[in-house]
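Trainee: I have a structure I would like to understand better, so I am pasting it below and will then ask my questions one at a time.
The values are calculated or read from the model by the stated rules, or taken from the named source; none is laboratory data. If you're wondering where the values come from, they're calculated on a predicted model, not measured in any experiment. Here the Cβ positions follow ideal geometry from the backbone for every residue, glycine too, while neighbour counts run over all protein chains shown. The protein model used for the area step is the full one, side chains on, heavy atoms only, and it has no ligands, DNA or RNA in it. Shrake-Rupley method; radii C 1.70, N 1.55, O 1.52, S 1.80 Å.
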Amino acid sequence: MSHSKGFRPWPTLASSVLAVLALCAAPAVNAQSEGGLYIAGEGFGFDAAAERALAQNPGGRRFFLLSLPAQAAALSPRATPAQVALRERVIAGNGVLLVCQRDLDNGRLRSADLVDAVVAVRGWPAKGSAQLPHGERYFADENRAVLPSANEALRTLRATCS
């Protein structure tokens, strides 16, 4: 795993705000076949997360850019021209734009305010729920093709969206 100078990989599943902030600064994974998960959230704007993702995933390697509500304006049809241009660069660079389903469910985001390319991702189900059967990584109705295949990235994504 290759990391920028001074970055130390997060040793446990991101389940706190500090973990989310640390992950905003660097990808959750850096495998050859698939890029990492980048989070636009507090302390890291959409622009910074998108530019870092594009720089660290050259040549069309697929990567994932999760926008938390405070940074989701770039995902709107009413985004500024600069935001639209960056969003289009992310998509053209094989980036997958993500938001948390919980933010749609609780009204912090509205699906009508998001462009069609945005994918909503569920967090971990409630303890004891059968929504995600034991040993499964994806919900039955999820499109696996648009979600990370790397365990660490998928776990971080689910934890952030829980």
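Trainee: List the residues, sorted by chain then number, that are 5 or more residues from residue 98 or on another chain and whose placed amide H is less than 5 Å from its amide H.
Mentor: 65, 66, 67, 119
Trainee: Something else now. With Cβ to Cβ distances under 13 Å as the rule, what net charge do the other residues near residue 123 carry (K, R +1; D, E -1)?
Mentor: Working: positive: 102, 122, 127, 155, 158; negative: 103, 105, 142.
Its environment carries a net charge of +2.
Trainee: Just to verify a number: FRET efficiency for residue 91 and residue 127, C-beta to C-beta distance, R0 = 35 Å, to 0.05? Spell out each step's value before the answer.
Mentor: On the way: r = 36 Å, r/R0 = 1.02.
Computed FRET efficiency for residue 91 and residue 127 comes out at 0.45.
Trainee: Assuming R0 = 22 Å, what is the FRET efficiency of residue 142 and residue 33, from their Cβ-Cβ distance, to the nearest 0.05? Let's see the in-between values first.
Mentor: Values: r = 20 Å, r/R0 = 0.90.
My answer for the efficiency is 0.65.
Trainee: I've got another one for you. Calculate the translational D of region 106-158 in whole µm² s⁻¹ from Stokes-Einstein, where the hydrodynamic radius comes from the Kirkwood formula applied to all Cα pairs, the temperature is 25 °C and the viscosity 0.890 mPa s.
Mentor: Working: Rh = 12.8 Å.
Calculated translational D: 192 µm²/s.
Trainee: Cα centroid distance between region 68-119 and region 131-150, in Å?
Mentor: Taking the Cα centre of region 131-150 as reference, the centre of region 68-119 is 21 Å away.
Trainee: Treat every Asp and Glu Cβ in region 40-89 as -1 and every Lys and Arg Cβ as +1, leave all other atoms uncharged, and give the resulting dipole magnitude about the Cα centre to the nearest 20 debye. Walk me through the intermediate numbers first.
Mentor: Details: 6 positive and 4 negative charges, 41 e Å.
Value, rounded to 20: 200 debye.
Trainee: Which value, in Å² rounded to 10, gives the accessible area of residue 47 with a 1.4 Å probe and all protein chains present?
Mentor: 90
Trainee: Oh, and also: Looking at the square roots a ≥ b ≥ c of the eigenvalues of the Cα gyration tensor of region 55-122, which shape do they give, rounded for a/c under 1.5, prolate if a/b is larger than b/c, or oblate? Write out the running numbers ahead of the final one.
Mentor: Working: a/c = 2.43, a/b = 1.48, b/c = 1.65.
Verdict is oblate for region 55-122.
Trainee: Counting only protein heavy atoms, what percent of the accessible surface of region 44-162 is carbon or sulfur at a 1.4 Å probe?
Mentor: Values: 3130 of 6030 Å².
The value for region 44-162 is 52 percent carbon and sulfur by accessible area.
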